[in-house]
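Here's the structure we're looking at; comments come further down.
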Amino acid sequence: MLSENNLAKFIELIQSYNKGEWVYPGVLIRKLGISQSQAYKVLDALKRLGLLEVNYELYCHECGQFKGPIFETFGGIPDELDCEYCGERLDPLDNSIVIYKMISD
Ligand SMILES: [Zn+2]
């Protein structure tokens, strides 16, 4: 789990999100200097507490761009989508990343 210092920073950071805003694991990793697995563990714990829900966004590995919109379920991602920046075919399995939506005030 997180060190006490990181936990305090994490709580401060998570409280800065408003309801309906998306929490990107990468932001926590950068701001807290924690590992990806640590970030997903704490975010998952908040999900279980009913503070966050899981959403999906598509990310193009070819050109490093995110492609909107954000999908509420994995099944809601279309099978056939091309990156609007470089034209690469995006596959929901390979190109979706998990983000979290704040659902509590
Ligand atoms: Zn692309």
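The values are calculated or read from the model by the stated rules, or taken from the named source; none is laboratory data. Model, not experiment: these values are computed from the prediction. Positions of Cβ are backbone-derived with ideal geometry, glycine not excepted, and every protein chain shown enters the neighbour counts.
Given the criteria in a helix (DSSP H, G or I) and not small (Gly, Ala, Ser), does Leu46 qualify? Break it down stepwise before answering.
Details: in a helix (DSSP H, G or I): yes; not small (Gly, Ala, Ser): yes.
Judged against the criteria, Leu46 is a match.
Among the candidates Lys101, Lys9, which residue alone is surrounded by 13 or more Cβ atoms within 10 Å (Cβ to Cβ), within 11 Å of the chain's Cα centre (by Cα) and among the basic types (Lys, Arg)?
On the way: Lys9 fails: within 11 Å of the chain's Cα centre (by Cα).
Result of the check over Lys101, Lys9: Lys101.
For the stretch 45-68, give me each residue that is closer than 20 Å to Asn6 by Cα and either aromatic (Phe, Trp, Tyr) or surrounded by 14 or more Cβ atoms within 10 Å (Cβ to Cβ) (or both).
Leu46, Lys47, Leu51, Leu52, listed by residue number.
Any idea which of Leu58, Leu81 is under 23 Å from Asn18 (Cα atoms) and at pLDDT below 95? Steps first, please.
Values: Leu81 fails: under 23 Å from Asn18 (Cα atoms).
After applying the criteria, what remains is Leu58.
State yes or no: is Val54 in contact with a Phe, Trp or Tyr (Cβ under 7 Å, 6 or more places away or on another chain), without any contact (Cβ under 8 Å) to a residue 60 or more places away in the chain and not in a helix (DSSP H, G or I)? If you could, list the steps in order and put the result at the bottom.
Details: in contact with a Phe, Trp or Tyr (Cβ under 7 Å, 6 or more places away or on another chain): yes; without any contact (Cβ under 8 Å) to a residue 60 or more places away in the chain: yes; not in a helix (DSSP H, G or I): yes.
Yes: the conditions hold for Val54.
Hey, does the stretch 34-41 have a residue that's closer than 23 Å to Leu90 by Cβ, polar (S, T, N, Q) and away from the ligand (no atom under 16 Å from the Cβ)?
The first filter runs over the stretch 34-41 and keeps only residues closer than 23 Å to Leu90 by Cβ, leaving 36, 40.
Narrowing the set further to residues that are polar (S, T, N, Q) leaves 36.
This time we only want the ones that are away from the ligand (no atom under 16 Å from the Cβ), so: 36.
Yes; the residues of the stretch 34-41 include at least one that is closer than 23 Å to Leu90 by Cβ, polar (S, T, N, Q) and away from the ligand (no atom under 16 Å from the Cβ).
For a quick check of your reading of the model, give me the residue pairs whose first member lies in the stretch 12-39 and is on the phi < 0 side of the Ramachandran plot and surrounded by 17 or more Cβ atoms within 10 Å (Cβ to Cβ), whose second is assigned to a helix (DSSP H, G or I) and aromatic (Phe, Trp, Tyr), with beta-carbon atoms closer than 8 Å and at least 6 apart or on different chains.
Pro25/Tyr40; Leu28/Phe10; Leu32/Phe10
Considering each of Ile97, Ile103, Ile70 in turn, give the residue that is in contact with a strand residue (DSSP E or B) (Cβ under 7 Å, 6 or more places away or on another chain), within 16 Å of the ligand (Cβ to nearest atom) and in contact (Cβ under 8 Å) with a residue 40 or more places away in the chain. Spell out how you get there, then give the answer.
Working: Ile103 fails: within 16 Å of the ligand (Cβ to nearest atom); Ile70 fails: within 16 Å of the ligand (Cβ to nearest atom).
Residue meeting the stated conditions: Ile97.
Given the conditions (1) surrounded by 12 or more Cβ atoms within 10 Å (Cβ to Cβ); (2) assigned to a helix (DSSP H, G or I), which single one is not true for Gly75?
Condition (1) is where Gly75 drops out.
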